[in-house]
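Worksheet: one structure, shown below.
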Amino acid sequence: MSTCKKFLATLPLLLGLIISIIFVFFIGPEALVDYIGVQNAYGLMFLVAALGGLSTFNSVPYLAVLFVLANTGVNPFWLGTVSALGVMCGDSFSYLLGRSGGAVIPDSFTWVFTNIKQFAIEHPKLYPSFCFVYGAICPLSNDFVTIASGIANISYKKVMIPLALGNIVFNIAFAYVSVYASTWVGGLLG
């Protein structure tokens, strides 16, 4: 992949992060929550996260939205939980893509899917733990795990339940860290 293509692939994430930071520090996320309401903030987070889970190999920057909403006084625990459930709804689509044979996999990613599929087949009892850990600590797309699991014909429950629990841990932690990081950076900037 050329440098230009790599840059274009990361551009949506970078733009989302930059817009979020500008929004948080200059407009204020409270204005957004005042406008849409707290209950709608959870709905917005679910929708954006589900779209993020649906976008195979092309990330909708739902973490930027999670960062913004976490800094509005919306409960970070529930915000992280709702966003993880939204991501998992979208990732169910990726699992189904894998079950259909994984025909949409770009050639540059086939080695990743082959390795994950091989690991899943060779270590079926360890694979759910791998899914949990991947979801809990890895900010990369879950598509690597879900599509490979679908191709390997691994049970939906053995993949998605531990992956969902891991994503809940990751998103709740991200929401809380966002609040503390924003407070810390705001203190530095005065």
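Taking Rh as the Kirkwood radius, which is the inverse of the mean 1/r over Cα pairs, what is the Rg/Rh value for the stretch 64-190? Present the calculation step by step, with values, prior to reporting the outcome.
Working: Rg = 16.6 Å, Rh = 15.4 Å.
Radius of gyration relative to Kirkwood radius: 1.08.
Given R₀ = 45 Å, what would the calculated FRET efficiency be for Lys125 paired with Asn40, taking r from the Cβ atoms and rounding to 0.05?
Values: r = 42 Å, r/R0 = 0.94.
Once the sixth-power term is evaluated, E becomes 0.60.
Every number here is computed from the coordinates shown, using simple stated rules; none is lab data. Worth saying up front: this structure is predicted, and the values here are computed from it rather than measured. Quick reminder, even Gly has a Cβ in these numbers, built from the backbone with ideal geometry, and neighbours come from all protein chains shown.
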